[in-house]
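Q: One structure, as structure tokens, below. Some questions next.
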Amino acid sequence: MRTVYTIGEALIDFIPAETGVALKEVSAFSKAAGGAPANAACTVAKLGGRSAFIGKLGVDSFGDFLVETLEKAGVDTRYVSRTSEANTALAFVSLQADGSRDFAFYRKPSADMLLNEADIEACRFGAGDVLHYGSVDLIDAPVKYAHIRAIDAVKHAGGFISFDPNVRLPLWESAEACRQTILAFIPRSHSIKISDEELVFITGIADEAEAIASLFVGDVASVLLTRGPCGATWFTAGGASSVSVPGYEVKAVDTTGAGDSFIGALLFQFSREAGDLLRLSEEQMVRMLAFANAAAALTTTRHGAIPALPVHDEVIRFMCDLDKFI
């Protein structure tokens, strides 16, 4: 089985006690472990795969909590380093009635931003291993260059690179800085997972087909377009194939971590494939998308990110018996 490595931010999500109110009006919060790469690693592990998280946390109680949460989920934490130079990142969340979110981040700087190239030297990547990353920690900080070192090392080992832009504009100096950085990293990746909301922003192209085609640059051989509750479409290079799988109708209470559980479920399936991840059949792609859609749908029926992630048997039961979830 391949190992799925994720790199970037692990943080504390403070989940609101009320829904349907603005962040400034929330009266109380409860803490939950989060951060997109950490969520994806936990998804892989909880589904039964082998995953490891690469990141940096503060020498504080929140950092302790995150390490314990990752380990409880089954994630290898040997590549998690700690620092006293900054605190663990925090994110305060507000939820609307439909489960959509608003964020306020506290990280100026946070410990994850201080992960550096030297921290990557301890990582032992193998042929066929997968590295997954997002854009939150591609800001101009040491962690950006740690990402580049990790991407290069995984490629040198014969591994596979997955990128989820996961746009969070409040963390950037400007929207254009975010967009240009994402565009610079896309060619470094083999597979891109992008939401329909992010597609126009990142590419600057209104026509969906043209926008998707523009993403096939550099090493990109696969693009996954997610459409929220409407499912997802998988495109391959040169228009060789594309498959769409509808989503599952559920009563969403919190969409935090839904995209991470989708990509985590997909990476879990990647880790179990023996062949070339760039040459999957349409039948394999349909099966993988259906499973990933189900994992994401289940995640939205619960509060929090990592606490809401399903295990393998739950996803299978959900796919076989939808009535109680609709």
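The values are calculated or read from the model by the stated rules, or taken from the named source; none is laboratory data. On a predicted model such as this, the values are computed, not experimentally measured, just so you know. We place every Cβ from the backbone using ideal geometry, glycine too, and count neighbours over all the protein chains shown. The protein model used for the area step is the full one, side chains on, heavy atoms only, and it has no ligands, DNA or RNA in it. Shrake-Rupley method; radii C 1.70, N 1.55, O 1.52, S 1.80 Å.
Q: So if R0 is 45 Å, what FRET efficiency would Glu117 and Gln96 give, r being the distance between their Cβ atoms, rounded to the nearest 0.05?
A: On the way: r = 40 Å, r/R0 = 0.89.
Approximately 0.65, to the nearest 0.05.
Q: So what are the chain's ellipsoid semi-axes, whole angstrom, largest first, if each one is the square root of 5 times an eigenvalue of the alpha-carbon gyration tensor?
A: For the chain, the ellipsoid semi-axes come out as 26, 24, 20 Å.
Q: Right, another one. Given R₀ = 22 Å, what would the calculated FRET efficiency be for Glu210 paired with Glu282, taking r from the Cβ atoms and rounding to 0.05? Show your work: numbers first, answer last.
A: On the way: r = 23 Å, r/R0 = 1.04.
Approximately 0.45, to the nearest 0.05.
Q: If one puts a single equal scatterer on every Cα of region 235-308 and applies the Debye formula without solvent, what log₁₀ I(q)/I(0) results at q = 0.17, 0.19, 0.24 Å⁻¹?
A: Here the Debye-derived log intensity ratios amount to -0.67, -0.79, -1.05.
Q: When ranked by the protection proxy of mean other Cβ atoms within 10 Å per residue, highest first, what sequence do the peptides 130-137, 215-222 form?
A: Numbers: 130-137: 27.2, 215-222: 18.0.
For the peptides 130-137, 215-222, the packing ranking is 130-137, 215-222.
Q: On a C-alpha basis, how far is the centre of region 73-143 from the centre of region 35-56 in Å? Whole number, if you could?
A: 11
Q: Any idea of the accessible area per residue across region 1-125, 1.4 Å probe, to the nearest Å²? List each step's numbers first, then the result.
A: Working: 5250 Å² over 125 residues.
About 42 Å² of surface per residue is accessible.
Q: Related question: Report the accessible area of Ile212, computed with a 1.4 Å probe over the heavy atoms of all protein chains in place, in Å² rounded to the nearest 10.
A: The accessible area comes out at roughly 10 Å².
Q: Follow-up. Taking R0 as 41 Å, what FRET efficiency do you get between Ser27 and Ala177 from their Cβ-Cβ distance, rounded to the nearest 0.05? Show your work: numbers first, answer last.
A: Working: r = 35 Å, r/R0 = 0.84.
Working from the Cβ atoms, E equals 0.75.
Q: Just to confirm, what accessible area per residue do you get for region 237-326 at 1.4 Å probe, in whole Å²? Spell out each step's value before the answer.
A: Details: 4020 Å² over 90 residues.
On a per-residue basis, 45 Å².
Q: If you don't mind, another one. Treating only the Cβ atoms of Lys and Arg (+1) and Asp and Glu (-1) as charged, compute the dipole magnitude of region 260-326 about its Cα centre; round to the nearest 20 debye.
A: Details: 6 positive and 9 negative charges, 27 e Å.
In total the dipole reaches around 140 debye.
Q: State the percentage of accessible surface on region 50-126 attributable to carbon and sulfur atoms; use a 1.4 Å probe and exclude ligands, DNA and RNA.
A: Roughly 47 percent of what the probe reaches on region 50-126 is carbon or sulfur.
Q: Over the chain, what is the percentage of antiparallel beta bridges among all DSSP beta bridges, to the nearest 5? Could you put the intermediate results ahead of the total?
A: Details: 21 of 51 bridges.
Around 40 percent of the beta bridges assigned by DSSP in the chain are antiparallel ones.
Q: To continue, here is another question. Order the peptides 308-314, 290-296 from the highest to the lowest mean number of other Cβ atoms within 10 Å of their residues. If you can, show how the numbers build up before the last one.
A: Working: 308-314: 17.9, 290-296: 25.9.
Per-residue mean Cβ counts within 10 Å order the peptides as 290-296, 308-314.
Q: First compute the accessible area of region 250-326 with a 1.4 Å probe, then give the percent of it belonging to carbon and sulfur atoms. Walk me through the intermediate numbers first.
A: On the way: 1720 of 3250 Å².
Carbon plus sulfur share of accessible area: 53 percent.
Q: For region 1-130, what ratio Rg/Rh do Cα atoms give with a Kirkwood hydrodynamic radius?
A: Expressed as Rg/Rh, it is 1.01.
Q: Quick one: which of 188-199, 39-50, 273-284 comes out on top by average Cβ neighbours within 10 Å, and what's the full order, highest first? Before the final figure, lay out each step's value.
A: Values: 188-199: 21.2, 39-50: 27.5, 273-284: 12.8.
In descending order of packing, they fall as 39-50, 188-199, 273-284.
Q: Please report Rg (one decimal) and Dmax (integer) in Å for the Cα set of region 76-235.
A: For region 76-235, the Cα-based Rg and Dmax read 16.6, 47 Å.
Q: Using only DSSP helix segments of four residues or longer, with each worth -39500 (n - 2.57), what per-residue ellipticity at 222 nm results for the chain after dividing by its residue count and rounding to 500?
A: On the way: 10 runs with 111 residues, N = 326.
The helix-only estimate for the chain comes to -10500 deg cm²/dmol at 222 nm.
Q: Give me the net charge for the shell around Phe163: Cβ to Cβ below 9 angstrom, other residues only, Lys and Arg +1, Asp and Glu -1.
A: Numbers: positive: Arg188, Lys193; negative: Asp164.
Result for the neighbourhood of Phe163: +1.
Q: Can I ask one more? Whole number please: convex hull volume per residue, Cα atoms of region 2-53, in Å³.
A: On the way: hull volume 4.4 nm³, N = 52.
For region 2-53, the hull spanned by Cα atoms encloses 84 Å³ per residue.
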